[in-house]
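The values are calculated or read from the model by the stated rules, or taken from the named source; none is laboratory data. The model shown is predicted, which means the values in this text are computed figures rather than measured ones. Quick reminder, even Gly has a Cβ in these numbers, built from the backbone with ideal geometry, and neighbours come from all protein chains shown. Quick note on the areas: whole protein, heavy atoms, side chains included, nothing else; ligands and nucleic acids left out. Shrake-Rupley method; radii C 1.70, N 1.55, O 1.52, S 1.80 Å.
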Amino acid sequence: GDIEWFLRNKNTQEVVSAEGIIKGTKWEPFKFDKDNDYYATSLDNVLAEGNIPPCNTPYEYFCAVEKLRKYIDSTITEDLETIALPAARLDQKYLQTENAKVFGCDPSLNCWSNKTIHPKPSGDNVRSAGFHVHIGYEAPSVETNLLLGRACDLFLGLPAVLLEPKNERKLVGYGLAGNIRHQPHGMEYRSLSTYFSDNQKLIEWCFKNAQKAVDFV
């Protein structure tokens, strides 16, 4: 899986850019665990992003997400913190760089229509953070990925509408139903926000319901 967090100044409560703070890029992630190449950090737009290894149980999944977040917390200055906000408005001074104007590096698809999802251009100062659930399986296929995405809408996306606080994430084209990517290892479900990374109960809920989606398919 991969998870994104905003960085916030503890003293002023201002959400700031992670550019120049978080190591790694989308193309060259910074691998911080010499024993496990899956653990990595990267800058995504103005957010701190990280990757975790494949997991087999809800608790293992929680531990992996926590390890990633704690590592990021250990690398930022004491006045900053990671914050699991689905969306935030940043001061325009943080949004002038090329990185701040790039939304995503690969196209997403709507698993119901099989059409490309186009995020909103970066003229606005709203940015959003996702909790992307990856489902890996042997011999992945487009057909199975589409079915898995639809099942994830049923078991993750729909309940998330009730669980997640209202936010501006959909304004920039993210958080919509059926948002997936085809991956070499399987399917990436992209509709959930980083809200679901904020505590053990929510993280384990995501794993359990993703497993329900797999079983359903």
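Some points to look at:
- Trypsin sites (Lys or Arg not before Pro) within region 32-99: DSSP coil, no more than 14 neighbouring Cβ in 10 Å: LYS34
- Cα convex hull of region 126-217, projected area averaged across orientations, nm²: 5.7
- Cross-link pairs beyond the 26 Å C-alpha cut-off, checked among LYS70/LYS93; LYS101/LYS201; LYS26/LYS93; LYS23/LYS208; LYS34/LYS93; LYS31/LYS166: LYS70/LYS93; LYS101/LYS201; LYS23/LYS208; LYS34/LYS93; LYS31/LYS166
- Using alpha-carbon coordinates, inclination of helix 142-152 to the longest axis of the chain, degrees: 70
- Taking the helices alone, the chain has a mean residue ellipticity at 222 nm of -7500 deg cm²/dmol, built from -39,500 (n - 2.57) per DSSP H run of at least 4 residues and averaged over all its residues.
- Radius of gyration and maximum dimension Dmax of the chain, Cα, Å: 16.3, 49
- Carbon + sulfur, % of accessible area of the chain - ligands and nucleic acids excluded, 1.4 Å: 54
- Coil-residue GluC sites (Glu not before Pro) of region 137-192, DSSP, other Cβ within 10 Å capped at 10: GLU138
- Accessible area (Å², per residue) of region 1-152, counting only protein heavy atoms and a probe of 1.4 Å: 51
- Computed from label points 7 Å out along Cα-Cβ, the spacing between LYS93 and GLU168 is 1.8 nm.
- TRP5, TRP112, ranked by accessible area, largest first (probe 1.4 Å): TRP112, TRP5
- Qualifying trypsin sites (Lys or Arg not before Pro) in region 138-217, where qualification requires a DSSP coil assignment and no more than 13 other C-beta atoms within 10 Å, comprise LYS166.
- Note on region 1-74: Rg/Rh from Cα positions, Kirkwood definition for Rh, rounded to two decimals, is 0.99.
- Degrees between helix 58-75 axis and first principal axis of the chain (Cα, 0 to 90, nearest 10): 20
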